[in-house]
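Readers should treat all values here as calculations from the given coordinates under stated rules, not as data from a laboratory. Nothing here was measured: the structure is a model prediction, and the numbers come from that model. We place every Cβ from the backbone using ideal geometry, glycine too, and count neighbours over all the protein chains shown.
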Amino acid sequence: ASDCPSAGAAECACGQTTGPGPRHVSEAVDRLFDATSVDHVLVEADGARTMSIKAPGDHEPLIPGRSTIVIVVVGADALGRPLIDVAHRPERIAELTDTTVDSIVTAELAAAVLLHPGGGRKSVPANARLVMAISRVPANDEAVTRLATMLTSHPSVDRVVTVPLVGRPPFARPPGC
């Protein structure tokens, strides 16, 4: 059982703050933004359970309606590996991309799931800018270049950013979180 409740704002044992349940997330984020002097509210709408690529479940992602920027993240380390080994919900990705869970994640397969209306573009508000982020990018990687080119050329994508692979990540969740 998780130390982090799924309803009502609370701080978890791991230091993260959780918010309200799915039915109220958009309203709660709007109230938080309106009630504070902050310029930005960052919401993790849909985690991937440490996997490098994912497709959202039926109830995900929980993106507040007033979101102005939505960032969809994929790990470059998924490229060239079997979907079943690197994906959260590999069956869902296979369904969206007309592949199998044993398929190798290519730049084309990654782009297909990230750009699919039921994949990376699911629930993105009409007025929000869509940013695709490719993390854990090794130097001079041809597959990442192809993926970034495919994403950049899509009309719904505002920007593609790459995050280089350099040593240890700048932050990490404590174990069990």
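Taking 0.36 nm per residue of separation and subtracting the Cα-Cα distance, full extension of the segment from Val161 to Ser37 would add 41.8 nm. Evaluating 6.51 cos²θ - 1.76 cosθ + 1.60 at θ = phi - 60° for every residue in region 85-93, the Karplus couplings come out as 8, 10, 10, 8, 6, x, 5, 5, 4 Hz, glycine and proline recorded as x. Near the amide H of Ser135, within less than 5 Å, lie the amide hydrogens of Val74, Gly75, Ala76, Val163, all on another chain or at least 5 residues away, with H placed in the peptide plane. Potential lengthening of the chain between His24 and Arg146 amounts to 40.0 nm, from the contour at 0.36 nm per residue minus the alpha-carbon distance. Placing +1 on each Lys and Arg Cβ and -1 on each Asp and Glu Cβ, with no other charges, gives region 36-132 a dipole about its Cα centre of roughly 280 debye. Look at the dipole of region 30-177 built from charges on Cβ: of Val157, Val105, Leu115, the Cα furthest out on the positive end belongs to Val157. Give the distance, in whole Å, between the Cα centre of region 40-79 and the Cα centre of region 88-124. After rounding, the separation between the Cα centres reads 14 Å.
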